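Asker: First, the structure itself, so that you have it in front of you.
The values are calculated or read from the model by the stated rules, or taken from the named source; none is laboratory data. Nothing here was measured: the structure is a model prediction, and the numbers come from that model. Virtual Cβ from ideal backbone geometry, glycine too; neighbours counted across all protein chains shown.
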Amino acid sequence: MHEYSLVQALITRVEAEARRRGALKVHGLSVRMGELAGVDPELFQTAYDTFRAGTVCAEVPLTLKQVAASWSCPTCRAAIPRGAALRCQACGEPARLDEGGDALTLDGIDLEVP
Amino acid sequence: MCTTCGCGDTELVPVELHEKILAGNDRAARHNREHFLEAGVLVLNLMGSPGSGKTAVLEATARAAAGKGWRLGAVSADLATDNDAVRLSKAGIPSRAITTGQACHLDAELVHRSLHDLAWRQTDVFFIENVGNLVCPAIYDLGQAANVVVLSVTEGEDKPLKYPTMFLAADLVLISKCDLLPHLDFDMGKLEEALARVMPNPRVLKVSARSGEGLEEWVAWLEKRRLEHGLVGKIAGLAGHTHG
């Protein structure tokens, strides 16, 4: 259940950014979550709903962008079929995880500023 | 303020951050890593399910590496009790417990704080025995030189497919309790196949803390990591550590 500590880190970061920019209100925040981020999206949402009360995020909807994990060969760029061994059949190279497959990032915040 | 017409209305500004949620942990981990390498200590993060044999593997490591002259040390994390740290200290690995309370994983800050009252700097190889859990510890960088995942043969061949993030983070998988294989319907081929589907470059060693199988290879692997990080021949304990 590390989702709770992640959400705490997220809200702390949003609060710091809102303060830094002298924001009057936070209107939205968007988080990108890869399939291999090691985080359960539903648990993350539940943790967010639990912890946002009493913070600048209390009324703020969370937009979760989920990214499926995909792999490809670093040499010939061929895609590795989902569920297959993570090695290129043609080159024998270990596959590389495509961008975003393990992401866990705060992409952006919508702030109301004076 | 609205600068278009000067009406005094507030503005809605989209702020792009693209920042890792674990950025704070990663900063603390970098700080740990610098200290570890500066002090000439190989630090490993040992993860695995509860009961996978993490502590037993370390006890056996102390025996198997006796001839190397390494000074070993460890911190051992559990939600409660210092049983594992007591076991390790008895086995010749001076250790202390980190009791995490309700926390299911270690983070870099927690490791840093626990090191302040430990003579880790005088060790050559230092183990961080993480909380027994195949989920949460996987995504927290602690500053280790490598991640080692202990998976016992009593856990089933499909564990890597169920917990892909943990195995993706592993630099080495130790298949433990291999002395039990004759008594189990365990298919090593199936496990290797599962690992190949979640790790691009699986490194696996089969070990038994009880029979000593594979421990020589494991100690050789540790030696190789020390070489790789330029730690061989480095005199531990000389680098200073100051905090403002």
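Asker: Hey, could you check the range B:72-101 for residues that are over 16 Å from residue B:41 (Cβ atoms) and among the polar types (S, T, N, Q) and say which is surrounded by the most Cβ atoms within 10 Å (Cβ to Cβ)?
Answerer: We begin by selecting, within the range B:72-101, every residue over 16 Å from residue B:41 (Cβ atoms); these are B:76-92, B:97-101.
Imposing the further condition that a residue be among the polar types (S, T, N, Q) reduces the set to B:76, B:81, B:83, B:89, B:99-100.
Details: B:76: 29, B:81: 11, B:83: 12, B:89: 17, B:99: 14, B:100: 17.
By that ranking, first place goes to B:76.
Asker: Which pairs turn up if I take residues in the range A:37-66 that are over 9 Å from residue A:7 (Cβ atoms) and look for partners that are small (Gly, Ala, Ser) with beta carbon separation below 7 Å, at least 6 apart in sequence or on another chain?
Answerer: From residues that are over 9 Å from residue A:7 (Cβ atoms), the pairs are A:37/A:103; A:38/B:138; A:56/A:18; A:60/A:28; A:61/A:28; A:63/A:28; A:63/A:30; A:65/A:30.
Asker: Now for a separate question. Using the structure shown, decide if residue B:87 is in contact with a helix residue (DSSP H, G or I) (Cβ under 8 Å, 6 or more places away or on another chain) and part of a helix (DSSP H, G or I). Step through it out loud before you land on a result.
Answerer: On the way: in contact with a helix residue (DSSP H, G or I) (Cβ under 8 Å, 6 or more places away or on another chain): yes; part of a helix (DSSP H, G or I): yes.
Yes.
Asker: Looking at (1) assigned to a strand (DSSP E or B); (2) within 11 Å of the chain's Cα centre (by Cα), which one does residue B:97 not meet, given that it meets all the others?
Answerer: (2)
Residue-wise test of (1) among the aliphatic types (A, V, I, L, M); (2) exposed (fewer than 15 other Cβ atoms within 10 Å of the Cβ); (3) touching a Cys at 6+ places or on another chain (Cβ under 7 Å); (4) within 12 Å of chain A (Cβ to nearest Cβ).
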| site | (1), (2), (3), (4) |
| --- | --- |
| B:9 | no, yes, yes, yes |
| B:12 | yes, yes, no, yes |
| B:16 | no, yes, no, yes |
| B:21 | yes, no, no, yes |
| B:24 | no, no, no, yes |
| B:30 | no, yes, no, no |
| B:37 | yes, no, no, no |
| B:42 | yes, no, no, no |
| B:46 | yes, no, no, no |
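Asker: Looking only at the range A:69-88, which residues are among the hydrophobic types (A, V, I, L, M, F, W, C), away from chain B (no Cβ under 13 Å) and not in a strand (DSSP E or B)? Give the steps one after another, and end with the answer.
Answerer: Looking only at the range A:69-88, we keep the residues that are among the hydrophobic types (A, V, I, L, M, F, W, C), and these are A:69, A:71, A:73, A:76, A:78-80, A:84-86, A:88.
Pick out the ones that are also away from chain B (no Cβ under 13 Å) and you get A:76, A:78-79.
The answer is A:76, A:78.
Asker: If I ask for residues that are among the hydrophobic types (A, V, I, L, M, F, W, C) and at pLDDT below 70, which ones from the range B:211-244 would you list?
Answerer: In the first step, residues of the range B:211-244 are kept if they are among the hydrophobic types (A, V, I, L, M, F, W, C); the result is B:215, B:218-222, B:227, B:231-232, B:235-236, B:238-239.
Selection gives B:235, B:236, B:238, B:239.
Asker: Let me ask another. Could you please give the count of residues in the range B:1-48 that are at pLDDT below 95 and of a type in the set (S, T, N, Q)?
Answerer: Count: 3.
Asker: Do we have any residue at all in the range A:51-68 that's in a loop (DSSP other than H, G, I, E, B), more than 7 Å from chain B (Cβ to nearest Cβ) and touching a Lys or Arg at 6+ places or on another chain (Cβ under 6 Å)?
Answerer: Here is the first cut: in the range A:51-68, the ones in a loop (DSSP other than H, G, I, E, B) are A:52-61, A:68.
Still in the running and more than 7 Å from chain B (Cβ to nearest Cβ): A:52-61, A:68.
Still in the running and touching a Lys or Arg at 6+ places or on another chain (Cβ under 6 Å): A:58.
Taking every residue of the range A:51-68 in turn, at least one turns out to be in a loop (DSSP other than H, G, I, E, B), more than 7 Å from chain B (Cβ to nearest Cβ) and touching a Lys or Arg at 6+ places or on another chain (Cβ under 6 Å).
Asker: A further question follows. Can you pull out every residue in the range B:134-176 that is polar (S, T, N, Q), out of contact with any Gly (no Cβ under 8 Å at 6 or more places or on another chain) and within 14 Å of chain A (Cβ to nearest Cβ)?
Answerer: Result: B:147, single match.
Asker: Which of the residues spanning the range A:3-22 are facing another protein chain (nearest Cβ under 8 Å) and touching a strand residue (DSSP E or B) at 6+ places or on another chain (Cβ under 8 Å)?
Answerer: A:6, A:10, A:13, A:17, A:21
Asker: What are the residues in the range A:98-109 that are buried (at least 18 other Cβ atoms within 10 Å of the Cβ) and at the interface with chain B (Cβ under 9 Å from one of its Cβ atoms), if any? Before you say what the answer is, go through the steps one by one.
Answerer: We begin by selecting, within the range A:98-109, every residue buried (at least 18 other Cβ atoms within 10 Å of the Cβ); these are A:100, A:102-106, A:108-109.
Selection gives A:102, A:103, A:104, A:105, A:106, A:108, A:109.
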